Amino acid sequence: MVIPAKDEAGNLPPLLEEIQGQLAGVTFEAIVVDDGSDDGTDAAILALTKELPWLRLVRHEKAAGKSAALRTGVKYAHAPLILMIDGDGQNNPIFLPKMLKMLQDDPDLGLVVGQRLKRHDSALKQRASKLANGLRSWLLGDKTRDTACGLKAIRRELYLDLPFFDTMHRFFPALVLREGWQIAHIDVEDRVRIHGSSKYGVLDRALVGLPDLFGVWWLLSRRRRVPSAQEATIDADR
């Protein structure tokens, strides 16, 4: 589990309790990446590590953004399969076991993407998100209705092959398809935030997202084919 979080001291403890229940019987670790919080998120997680041996904390001294937090978590992780969930509690962990099983059962599947059926954001944010998702899907052909949902499952080796930039988490489906892997989708339920407030607004997403959208389009256009390769060896019995 990789959980990016900024100022989520009130939301993380109950979320971690839910994760423990959903992943009962699974050997796992959960890495909370505190992205420069100043509300005591780090202290709250450190206190929990005493009773939760599967819990780890990695901290950014200064906020670097969600994509950077995810990358830090994946780099610190040991497992070959990575589950991602936002630290604000709006993503429901009930879908994690199914997403994990989908990756385990299909060796050609590189990414499982959660797609929200019902959102609890403002009407303005929902309209802006719908417009942005439509433009992205049309331009990149990633066949994904909602890329902003925090629930995702991905192979660690694949993730580390992807080009990194500050908002790459919004383009996982297109980038994974670019590497020649298959993607799958699962409908999930969004929940109301209990504590704190969203760290992302409408204007900042639009201003940053549009240049990155065309940047990813350029990356897709510059990859002619994905090579199939294997090492050649001499048969020792001959």
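Of 72, 144, 27, which has the largest mean-square fluctuation in a 10 Å C-alpha GNM of the chain?
27
Give the calculated FRET efficiency between residue 26 and residue 234 to the nearest 0.05, with a Förster radius of 30 Å applied to their Cβ-Cβ distance.
Once the sixth-power term is evaluated, E becomes 0.15.
So how do 145, 224, 56 rank on accessible area, 1.4 Å probe, biggest first, that is with the largest at the start?
Per-residue accessible area, sorted high to low, gives 224, 145, 56.
Relative contact order of the stretch 1-93: what whole-number percent is it, with Cα pairs under 8 angstrom and at least 6 residues apart?
It rounds to 44 percent for the stretch 1-93.
What order do 179, 18, 157 take when sorted by accessible area (1.4 Å probe), most exposed first?
The residues order as 157, 18, 179, largest area first.
Do the sum for the chain: with -39,500 (n - 2.57) for every DSSP H run of n ≥ 4, divided by all residues, what is the mean residue ellipticity at 222 nm, to the nearest 500 deg cm²/dmol?
Result for the chain: -12000 deg cm²/dmol, rounded to the nearest 500.
Students often forget the sequence filter, so: which lysines lie under 29 Å Cα-Cα from residue 118 once same-chain residues fewer than 8 apart are removed?
The reachable lysines, counting only those whose Cα sits under 29 Å from residue 118, are 6, 66, 98, 101, 130, 143, 152, 199.
For the full complex of protein chains and a 1.4 angstrom probe, list 165, 171, 214 by accessible area with the highest value first.
Accessible-area ranking of 165, 171, 214, largest first: 214, 165, 171.
So how long is each side of the stretch 1-77 along the principal axes, counting just the alpha-carbon atoms, biggest first, in Å?
Over the stretch 1-77, Cα extents along the principal axes are 35, 24, 17 Å.
In nm, to one decimal, how far is the residue 108 label point from the residue 50 one, both placed 7 Å along Cα→Cβ?
Using points 7 Å along Cα→Cβ, the separation is 5.1 nm.
Tell me, what is a quarter of the convex hull surface for the C-alpha atoms of the chain, in nm² with one decimal?
Its Cα hull, projected and averaged over all orientations, spans 15.3 nm².
The values are calculated or read from the model by the stated rules, or taken from the named source; none is laboratory data. Fair warning: this is a prediction, and the values are worked out from it, not measured in the lab. Reconstructed Cβ throughout: ideal geometry from the backbone, glycine too, with neighbour counts over all protein chains shown. Side chains included, ligands, DNA and RNA excluded: accessible areas come from the protein's heavy atoms. Shrake-Rupley method; radii C 1.70, N 1.55, O 1.52, S 1.80 Å.
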